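These notes are about the structure you will find just below.
The values are calculated or read from the model by the stated rules, or taken from the named source; none is laboratory data. The shown structure was predicted, so the numbers you read here are calculated from the model rather than taken from an experiment. Cβ sites come from the backbone with ideal geometry, for glycine too, and all protein chains shown count toward neighbours.
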Amino acid sequence: MERAYRHTLSITRRSDTPEGLEPEKGLLLAVLPRGADAEDELGELRELTRTALVVPVGELVQQRSRPDQKTYVGKGKLEELKALYAECEADVLIVDDELDPTQQKALEDALSTRVVDRTQLILAIFAQHAISAEGKLQVELAQLEYNLPRMRGMWKHLERLGGGVGTRGPGESQLESDRRMARHRVTVLRARLKALRAQRGVRRKERKRAEVPTVALAGYTNVGKSTLLNALTGADVSVENRLFETLDPTTRGFDYDGKRYLVTDTVGFIRRLPTQLVQGFASTLEETLVADLILHVVDSSLPEDRMREQIAAVDAVLTEIGGEDLPITLVMNKIDRLDPLGERRIANRFPDAICVSAATGEGLDVLREHVATLFADRYEDVRLLVPYNEGTALSALYALGAPIDERRDTDEGVLIRAKLSHRDSRRFARYLIAGDDLGSAAIT
């Protein structure tokens, strides 16, 4: 049985939108298989809509095996949609699917309004949140690649002026010109992004050369990855409660037991993440693939069915980008929102997960220790004697981060106990000394 539409009206303050403008009003539309949880599906669409600064004013759901190939909804439901759209006085129709050009045009013609599908909606959110030059280029590329096959003439009244064999109307010529310009822009954007990827590759090689372990935070959008990055590293990444708040990869470091670790925050995943975004945001996803460890962050305060759906969605994207073989640790975040019984349930159902609260700091030391244990074989304890006249070597040691456990000044020079990577141990091999106690050390 079809779920009846719900007509709701939300109030949004003028200050919630840029420059004090009134927010747009959107009617939500979805075609779902029979038996699907419409409330859960539309709940995510509502959140996406609000993040895009559009107020949901009504909802219409049709349950059928598959969307209509031409009009997305059936004929009867289309008439119901027209009436509801006029009643809601909506500004835009938002569809919880990626429409093909035919479906989108049919809905636009039927309602005489703008129609935004799920992919366009997510792209609009990405465009709002892109900060870096690279992020803006990625958004523009994804939008162009999505819009190219959907470009159609806005000069239909002119197309009739030219026709027949060997002639072309002005409208058609303008459309071809727009498509050519768009394709050229796509080529330019890809070249710029390729150059930026090369620059990022150089920086990544420097990190790899230093043998500093790299950890990537992956997870569903809005599960607290940025908050966790800030808590682990002392960073100040934006943590507003909005979907896709983080688009650009952000890398920060933390020290534990005299060793340095890098943590990279990545874009949040979502169910049915559009292909254009997977391709366009290769930079963020690349940081996931080149990491030594992935921390899959999960919102433990969610109902178990939604939690498992989100875990499956993230796993699916990781598989799509080729990251399924990387070592992954499940991190259950937001345990401060659980009662003792809820914590025990999480511990029983996800026994290999690490439970933390990025907001309160609970469990963070356990997480740091877990990361350090996984990379323990990358470091070794060394004892060095650096002559006073070689201060450059001493400065280089301190520049590595925080590997120095003990320092003592002697007549011969500076005695140091430190934890160094194997590569750095070879780099400072000439200063190595034997002996467990710096006071009784001897040059090897």
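In the range 269-285, of all residues being modelled with pLDDT of 60 or more and β-branched (Val, Ile, Thr), the one that is farthest from the chain's Cα centre (by Cα) corresponds to Thr275.
Within the range 50-59, restricting attention to residues that are modelled with pLDDT under 90 and in contact with a helix residue (DSSP H, G or I) (Cβ under 8 Å, 6 or more places away or on another chain), which residue is surrounded by the most Cβ atoms within 10 Å (Cβ to Cβ)? My answer is Ala52. If you go through the range 106-137 and keep only what is in a helix (DSSP H, G or I) and either within 16 Å of Glu79 (Cα to Cα) or in contact with a His (Cβ under 6 Å, 6 or more places away or on another chain) (or both), you end up with Ala106, Leu107, Glu108, Asp109, Ala110, Leu111. Among the conditions (1) without any contact (Cβ under 8 Å) to a residue 12 or more places away in the chain; (2) in a strand (DSSP E or B); (3) among the aliphatic types (A, V, I, L, M), Val57 misses just one, which is (1). Within the range 375-392, being crowded, with 17+ Cβ neighbours inside 10 Å and aliphatic (A, V, I, L, M) holds for Val382, Leu384, Leu385, Val386. Within the range 60-105, the set of residues being in contact (Cβ under 8 Å) with a residue 40 or more places away in the chain, assigned to a helix (DSSP H, G or I), surrounded by fewer than 17 Cβ atoms within 10 Å (Cβ to Cβ) and not acidic (Asp, Glu) comprises Pro101, Lys105. Just to confirm my filter: which strands (runs of 3 or more DSSP E) fall fully inside the range 320-409 and include at least 3 residues that are farther than 22 Å from Leu228 by Cα? Hits in the range 320-409: 379-386, 404-409.
Is one or more of the residues making up the range 380-401 β-branched (Val, Ile, Thr) and either in contact with a Lys or Arg (Cβ under 6 Å, 6 or more places away or on another chain) or closer than 11 Å to Phe428 by Cβ (or both)? Yes: one or more hits.
Looking only at the range 148-166, decide whether some residue is within 26 Å of the chain's Cα centre (by Cα) and either at pLDDT 80 or above or not in a helix (DSSP H, G or I) (or both). Yes - at least one qualifying residue is present in the range 148-166. Specify the residue that is modelled with the highest pLDDT; the eligible residues are those in the range 410-444 that are touching a Leu at 6+ places or on another chain (Cβ under 7 Å) and part of a helix (DSSP H, G or I). Checked the range 410-444; the qualifying residue modelled with the highest pLDDT is Tyr431.
Only residues that are of a type in the set (A, V, I, L, M), surrounded by fewer than 20 Cβ atoms within 10 Å (Cβ to Cβ) and more than 14 Å from the chain's Cα centre (by Cα): list them for the range 289-310, please. Residues satisfying the conditions are Val290, Leu293, Leu302.
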